[in-house]
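The values are calculated or read from the model by the stated rules, or taken from the named source; none is laboratory data. Everything numeric here is computed off the predicted structure, so don't read it as measured data. Cβ sites come from the backbone with ideal geometry, for glycine too, and all protein chains shown count toward neighbours.
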């Protein structure tokens, strides 16, 4: 098998995660070991950087600095929301060819994997030998072929720890607390809110996922039921919840609807859905102490809450991507497979199996009443959260007999 | 000096912090060592628990469990927003006397210290010997007599880490990002957002505090200036920002205004202020990518982000409170004093010096332009954030020369 010799380009696309730079470091540190990769360039702002020849020469980075960068959230090479079309791709190739690039690594979600697919097809059509490898990354955990995706475990840990604290807060000052979690079509991250429940009455008591139709009336009845049972209620709701006609609740209620270059409605960066649900609870259930938080950008980029399992898997996904590229012959997408309890391995799968597809929560992870997760989901999630996950405790002191009042 | 022998009651009031149970554990573990405290009761839901004789017998708690509880955020004894009046206090005394309570420890903020003051005065008036000690707690850092208050350092660390991540996020996908931080009258917590800035162009680039009048026009001009300079802009804004006639911006804009039992306007638990400022930026500056987050309850109760300096000071404040009560003769409030760089000591100050007073940011901590903090503030804050504060890093690889484009 003839070795393919040339430069490599690595880029990062889409939203940030806590471990996206682990994958970058994995690619960079591994690429340095293979002589057929003559140089590693980092494209600034994703494919846009390729288009505009905005490259950093990562071969000149020190391993020490790459390891420090690996520990920081959000794309160190900066990112883009651009989605290349045929014309865009022609320009990409002009740049890749001009720089003798033979290896292209793109770290991103399902939109980015579709970009890699287009680039690989364009290369084949142009008769240009290029190994294009997509490396998985998304807090949404919605990539096909993957047991889970780098970035999700750390975001899940943030969300779980947030609900653990919110639960203690709500227990000490009771009322209704609603938190809106990211997840347009897949409810994994919202579902992760349940991972910190310890005692039987711990919240979130209700979990609403985009995989099931959301009904205002059922929501209000659910909240009313929990309030009657516990005197308090914590709700986790996906930003992407939609009614039975697939109309996003947030969109139905937003005065103005924004769309990005992929045609996605902009759901994040606003507290609207939470505020609306909170106002609904106040008005319809006559509950005065109702509060809403939207976890917003914190859940995807918070500095300092990270799963070490996620870190090492993200790193290894980058390393494996380089290995597949230099020793194999095909383009593809690196996918994480669970092979034990708990261990993983990595496969190179066809780009078409991942590109622009969305995986959602399997039915086995969603409670039949559509307002909670199942124990099977918690079993799936727990090993991903990593070591040092915080534990909660309660006072167990006995009550003192009253001397005065009843 | 005759020893005062009897039971002790400890209670927690107001909003949660990450270390409020350290102070509870400090009181409980210390109280067990002093024979004049015959039993330690914990009042459930603050003064309301005293009123209703809802006591837990903390003398029966194991030290092991107290230490585990100490590590969890939010009042383990549960909390209250009640503010006792004279009638309420008569009922409190009836309960305290009936149970032979001679020591009363109340962990809370300036509202809670006012409660302790009323209780102490009522006790004196009734000729009932009672040592009432207020133990400081508030993420707002707004207690007089204190260099800083337990709970603030951990919340400050959360806010700083949140902005560190938001800065990296915003750098990779540029635009305007606005985050609303808690702080009704004191801007300390919002100001803490600046503590994670490392590189010269790191955000938050603008910091708006309630200590200075907020003007929409100046805000828009500031954002416009940063955008022109850096192509991106991160704004930290206190929920309590007010115009030059002291009208809270949030209140001016909120359709409905809620007040709690203390007459405070409800500013938290809603994304309104952030969304409004974001819409203003979009409309007036024609910037399409503007986002807003409201850190909300996460900053006061997040599980797993805590300053170890804060933990040990909160614990010691509880221990010192018990020592002052059993060995001294006066009621009072425990205050933290900075005595070195960095070390602290604790004083017992008159309740009237703390009760219902609000400390705000000194002028030396606020930049003259009223849109940033000063280096003096960062010097003040940094030792409080504790060990293991995350560091950020950037790629330093050189640019590659373009072969095609200009």
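Remarks
- Residues that are touching a helix residue (DSSP H, G or I) at 6+ places or on another chain (Cβ under 9 Å) and in a loop (DSSP other than H, G, I, E, B) were ranked within the range B:268-288; the one that is farthest from the other protein chains (Cβ to nearest Cβ) is B:287.
Yes/no matrix, rows are residues, columns are (1) at negative phi; (2) in contact with a strand residue (DSSP E or B) (Cβ under 7 Å, 6 or more places away or on another chain); (3) surrounded by fewer than 21 Cβ atoms within 10 Å (Cβ to Cβ):
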| position | (1), (2), (3) |
| --- | --- |
| B:27 | yes, yes, no |
| B:35 | yes, no, yes |
| B:50 | yes, yes, no |
| B:84 | yes, no, no |
| B:88 | yes, no, yes |
| B:112 | yes, yes, no |
| B:117 | yes, no, no |
| B:129 | yes, yes, yes |
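- Qualifying positions in the range B:375-385 - surrounded by fewer than 19 Cβ atoms within 10 Å (Cβ to Cβ) and over 16 Å from residue B:200 (Cβ atoms): B:376, B:379, B:382, B:383
- Residue within the range A:69-83 that is in a loop (DSSP other than H, G, I, E, B), over 22 Å from the mean Cα position of the chain (by Cα) and either over 17 Å from residue A:7 (Cβ atoms) or at pLDDT below 95 (or both) present: no
- Under the condition of being free of Cβ contacts under 8 Å to residues at least 24 places away in the same chain and part of a loop (DSSP other than H, G, I, E, B), the residues counted in the range B:215-245 number 1.
- Positions within the range A:364-389 being part of a loop (DSSP other than H, G, I, E, B) and either under 21 Å from the mean Cα position of the chain (by Cα) or on the phi > 0 side of the Ramachandran plot (or both), in sequence order: A:370, A:372, A:374, A:386, A:387, A:388, A:389
- Among the numbered conditions (1) more than 9 Å from every other protein chain (Cβ to nearest Cβ); (2) out of contact with any strand residue (DSSP E or B) (no Cβ under 7 Å at 6 or more places or on another chain); (3) crowded, with 22+ Cβ neighbours inside 10 Å, the only one that residue B:11 does not meet is (2).
- Residues that are under 21 Å from residue A:188 (Cβ atoms) and at the interface with chain B (Cβ under 10 Å from one of its Cβ atoms) within the range A:289-322 comprise A:293, A:294, A:295, A:296, A:297, A:298, A:299, A:300, A:301, A:302, A:305, A:306, listed in sequence order.
- Single residue of B:184, B:157, B:171, B:212 found to be modelled with pLDDT of 95 or more and either under 23 Å from residue B:356 (Cβ atoms) or part of a loop (DSSP other than H, G, I, E, B) (or both): B:212
- Among the residues of the range B:176-188, the ones that are out of contact with any helix residue (DSSP H, G or I) (no Cβ under 6 Å at 6 or more places or on another chain) and away from chain A (no Cβ under 12 Å) come to 5 in all.
- None of A:96, A:143, A:92 is closer than 24 Å to residue A:350 by Cβ and not in a helix (DSSP H, G or I) except A:143.
- Residue count for the range A:19-39 satisfying the condition of being within 18 Å of residue A:5 (Cβ to Cβ) and more than 9 Å from every other protein chain (Cβ to nearest Cβ): 10.
- Restricted to the range B:53-70, and to residues there that are facing chain A (nearest Cβ under 7 Å) and in contact with a helix residue (DSSP H, G or I) (Cβ under 8 Å, 6 or more places away or on another chain), the residue that is surrounded by the most Cβ atoms within 10 Å (Cβ to Cβ) is B:55.
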